[in-house]
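Let me begin by handing over the structure; questions about it come next.
The values are calculated or read from the model by the stated rules, or taken from the named source; none is laboratory data. Everything numeric in this text was worked out from a predicted model, so none of it was measured. Glycine also receives a Cβ, built like all others from the backbone with ideal geometry; neighbour counts cover every protein chain displayed.
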There are 2 protein chains.
Amino acid sequence: MEVMVNEIKSWIYDAGEVIKKSFQTDDLVIDTKSGRTDLVTNLDKATQKFLTQRIMAFDPDAKILGEEDGKDRLEAFSGRVFIIDPIDGTMNFVLEQENFCIMVAVYEDGIGKLGFVYNVMKNEFLWGGRGIGVYCNDEKIEPPKDISLSEGLIGLNHVMYQKDSWHVQKMGEMALGVRMTGCAGYELIGLLMGRRAAYVSRLAPWDYAPGGVLIEELGLRMSNIEGHKLNLVDRELFVAATPKAYENIMEIKG
Amino acid sequence: MEVMVNEIKSWIYDAGEVIKKSFQTDDLVIDTKSGRTDLVTNLDKATQKFLTQRIMAFDPDAKILGEEDGKDRLEAFSGRVFIIDPIDGTMNFVLEQENFCIMVAVYEDGIGKLGFVYNVMKNEFLWGGRGIGVYCNDEKIEPPKDISLSEGLIGLNHVMYQKDSWHVQKMGEMALGVRMTGCAGYELIGLLMGRRAAYVSRLAPWDYAPGGVLIEELGLRMSNIEGHKLNLVDRELFVAATPKAYENIMEIKG
């Protein structure tokens, strides 16, 4: 397992260097997918391709579930599956040139084993997995304090907040503040590091699986908004929180 | 003027070092002001006191308008006025230990002359003033591209967004995304650096005056939501944006 951890970390760091260098050139190609705010760039595609090649060289039998290149659906989760978000927060990547993450999860027979979430420009790399703990760069981190929703910040999706889906406005009122960052990886790192009490959004498997492995390893809570296990297939309304804040959210959502 | 610029920068850097060191100790004292989400800490007060002492040693005739210590109101803006926000984004300072700014503006006879906005943990220091340009750390920056609201991100206040005050939800829909960061300095740096098309919030003079001097120097737009000059006295609904996005907002707000 340690060999695989170090391999994956080195791929992700290499991918991060390519992305950083891209800011010195002018050849970013931006396309839209489902709508004008759903972007994909040549760098998203190139990063997924790069990671896919490394994975396939490392383990030719592995399956890949990823945001780009038509790899966004798997028939079955048997065997080893790599779940990739090459650039989580593409809008931030394009408009802010920061606040985006490269993310990878490793699942074996449907069980999350390893997770990697790298905030490239901040050089903040959360990684670890089932039974091996969670690290921020080279330092092992402790589970954050189990604060209630009223003692911390909540990260929210702006569409859910605008529509007050599942009473998220009340969740925001109970929290000490509402944050919207446009990057699931940023929010999940925030939760792991104790900067958030909770995060509620609408996410795809590659948005939550990598951070999710780390969240479960640290004893934090994660599910869909109805309290069920996330299905790794559809976009779902996603909740991750400290144990106390999770209870607060499940009560408020009705 | 150059002497004063360098003096003020050195005070702010010194204050930043004290704040960074405070994270190694456990003696943060947190109080609330107008309500449970309006925090002040011993570090806010100590930082304002430190800056005030330096200002008074440099110019005993100067007046001070600052968030803390009952200095939040001035009778008149004649002469030289220093406007201080010792820690802008106190909630982030307490809960995230990042995403907060030290901010200072220098006004002379009611006219903004110098502005300083220092994102301490990111080491991103925007400074400059009327006729001297705007710098990020040691590098002079150019005005950002004049993008329309539909081409960029908008930073919004969560209470205004929840209540849809002045149709800010429609502003959010027109933009490529909504961001909420809990720090006016972060948002105004974002606008100066081209990471935002616009920022709409409810702000006090110390929240907007330091960044505001830089915004005007770069030819960006700033006013209250009704399109009038900000009064430097009350909390007001605040708009800052690229020229094009400013026009979009003034049309949408009705």
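Looking only at the stretch B:53-73, which residues are in contact with a helix residue (DSSP H, G or I) (Cβ under 7 Å, 6 or more places away or on another chain) and either assigned to a loop (DSSP other than H, G, I, E, B) or at pLDDT below 90 (or both)?
Residues of the stretch B:53-73 in contact with a helix residue (DSSP H, G or I) (Cβ under 7 Å, 6 or more places away or on another chain): B:54, B:58, B:62, B:64-69.
B:62, B:67, B:68, B:69 - these are the residues of the stretch B:53-73 that are in contact with a helix residue (DSSP H, G or I) (Cβ under 7 Å, 6 or more places away or on another chain) and either assigned to a loop (DSSP other than H, G, I, E, B) or at pLDDT below 90 (or both).
Here's another thing I want to ask about it. Among the numbered criteria (1) surrounded by fewer than 18 Cβ atoms within 10 Å (Cβ to Cβ); (2) part of a strand (DSSP E or B); (3) of a type in the set (Val, Ile, Thr), which single criterion is violated by residue A:239?
(1)
May I ask you to list the residues in the stretch B:136-157 that are outside any strand (DSSP E or B), surrounded by fewer than 23 Cβ atoms within 10 Å (Cβ to Cβ) and either more than 10 Å from chain A (Cβ to nearest Cβ) or modelled with pLDDT under 95 (or both)?
Selection gives B:137, B:138, B:141, B:142, B:143, B:144, B:145, B:146, B:148.
Suppose we filter A:106, A:117 for residues that are under 19 Å from residue A:242 (Cβ atoms) and crowded, with 21+ Cβ neighbours inside 10 Å; which single one remains?
So the residue among A:106, A:117 that is under 19 Å from residue A:242 (Cβ atoms) and crowded, with 21+ Cβ neighbours inside 10 Å is A:117.
When the residues of the stretch A:35-52 are filtered to those that are surrounded by fewer than 13 Cβ atoms within 10 Å (Cβ to Cβ) and either in contact with a helix residue (DSSP H, G or I) (Cβ under 9 Å, 6 or more places away or on another chain) or modelled with pLDDT under 90 (or both), which remaining residue is farthest from residue A:84 (Cα to Cα)?
Within the stretch A:35-52, the match that is farthest from residue A:84 (Cα to Cα) is A:36.
Let me ask another. Picking from A:234, A:207, which residue would you name as being at pLDDT below 95 and closer than 22 Å to residue A:91 by Cα?
Result of the check over A:234, A:207: A:234.
What about residue A:133, is it facing chain B (nearest Cβ under 10 Å), of a type in the set (Gly, Ala, Ser) and touching a helix residue (DSSP H, G or I) at 6+ places or on another chain (Cβ under 8 Å)?
In short, no.
If I filter the stretch B:88-96 for residues that are of a type outside the set (Asp, Glu), out of contact with any Lys or Arg (no Cβ under 8 Å at 6 or more places or on another chain), assigned to a loop (DSSP other than H, G, I, E, B) and modelled with pLDDT of 95 or more, do I get at least one hit?
Checking the stretch B:88-96: at least one residue is of a type outside the set (Asp, Glu), out of contact with any Lys or Arg (no Cβ under 8 Å at 6 or more places or on another chain), assigned to a loop (DSSP other than H, G, I, E, B) and modelled with pLDDT of 95 or more.
Related question: Here are B:27, B:85, B:44: which of them is away from chain A (no Cβ under 14 Å), among the acidic types (Asp, Glu), closer than 25 Å to residue A:195 by Cα and part of a strand (DSSP E or B)?
B:85
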